[in-house]
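The values are calculated or read from the model by the stated rules, or taken from the named source; none is laboratory data. The model shown is predicted, which means the values in this text are computed figures rather than measured ones. A quick note on method: Cβ atoms are made from the backbone with ideal geometry, for glycine too, and the neighbour counts reach across all protein chains shown. Each accessible area value is taken on the protein alone, full model and side chains, heavy atoms only, with ligands, DNA and RNA left out. Shrake-Rupley method; radii C 1.70, N 1.55, O 1.52, S 1.80 Å.
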Amino acid sequence: MKRLEPFNQTMQLLQKVLDLRAANQTVIASNIANSDTPSYNRREFQFENELQSALTGAPGALQTTHAKHISLTAGNVNDIHGKVVEFKDETGIGDENSVSVDMEMMALSENQLLYEATTQLLKKKLGMLEYAISGGK
Amino acid sequence: MDIFTTFDVSASALKAQRIRLNTISSNMANVETTSTPEGGPYKKKSVYFRTQAIPFKEQLDSSIKGVVVSEILEDQEEPRKKFDPSHPDAAEDGYVSMPNISVLKEMTDMMSATRSYEANATVIKSAKRMALKALEIGR
């Protein structure tokens, strides 16, 4: 695949982040919806580490020196899918539900703010493109 | 994966919590009811939840779960006895069987249901705001 220009690369990254944040929102919604369901395991959508190693190539990234090598970590932002991890209740009291609504609400607003920040960045990026197209007028 | 899955998940929770609140209001309303069509005093009803897969949304290893009321069961506890020989539902020994409902318990359960409902309404609001922000890209 042709290496992308930095401009497109940033756009691609921002799009991917929007997708991942939308997925994260659903996982958090699932946790809050099941905050009263007995023996429900809290779920967490993890993608940040994967994203970082895709961007920096390190840590944990294996270098591919041949076209037919398969990279263990996602080298391209498009290959990031994130993973859902379940957490069991460790307290041993109550109904074995590991959701704490306050923590989830915090994760919810954090996710929402970061989503909005990403849309802002994308907007600015497009604004710059528009500025260039109009010849700086 | 789209933002609308969030709406499905949270809406299922809103529905479940509403059913829970209806059941609590039924318990509260019948706290003094001594006769029912089935005979005997009113019995406290309890709502039980279980997870539910969102149909057609089997993404992310189908780990996204909504919630549904699995069953509403009648409490099997013995009725409370109250001495009142003049009561039409009094037994021969003069005792009336009253529903075994703790108003205090019902009130706390009601608060819990309300808070859960609010939390899920907040999630819907947040998801809606995110979707609107995405629409603003390029504007």
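For the pair B:ALA91 and A:ILE93, a Förster radius of 35 Å applied to the C-beta separation gives a FRET efficiency near 0.30, rounded to the nearest 0.05.
In plain terms, the chain from A:SER100 to A:GLN15 could stretch by 27.6 nm, reckoned as 0.36 nm per residue minus the Cα-Cα distance.
Counting, for every residue in A:107-116, the Cβ atoms of other protein chains within 10 Å of its Cβ and taking the mean gives 3.
Protein heavy-atom accessible surface, 1.4 Å probe, per residue over segment A:83-137: 69 Å².
Packing, taken as the mean count of other beta carbons within 10 Å per residue, orders the peptides A:37-44, B:74-81 from highest to lowest as A:37-44, B:74-81. Here is how the number arises for chain B: DSSP H runs of 4 or more residues each give -39500 (n - 2.57), the sum is divided by the residue count, and the result at 222 nm is -15500 deg cm²/dmol. The alpha-carbon atoms of segment A:14-60, seen along their principal axes, cover 42, 23, 6 angstrom, with the largest extent given first.
Within segment B:16-139, the percentage of alpha carbon pairs spaced more than 17 angstrom apart rounds to 70%.
Applying Stokes-Einstein at 20 °C and 1.002 mPa s to the Kirkwood radius of the protein assembly as shown, computed over alpha-carbon pairs, gives a translational diffusion coefficient of 96 µm² s⁻¹.
Please give the average number of partner chain Cβ atoms lying within 10 Å of the Cβ of each residue in B:6-18, rounded to a whole number.
4
On a 21 Å Cα-Cα criterion, which of the cross-link pairs A:LYS83/B:LYS133; A:LYS16/B:LYS15; B:LYS44/B:LYS105; B:LYS44/B:LYS65; A:LYS124/B:LYS133; A:LYS16/B:LYS125 come out too long? As for pairs spanning more than 21 Å Cα to Cα, those are A:LYS83/B:LYS133; A:LYS16/B:LYS15; B:LYS44/B:LYS65; A:LYS16/B:LYS125.
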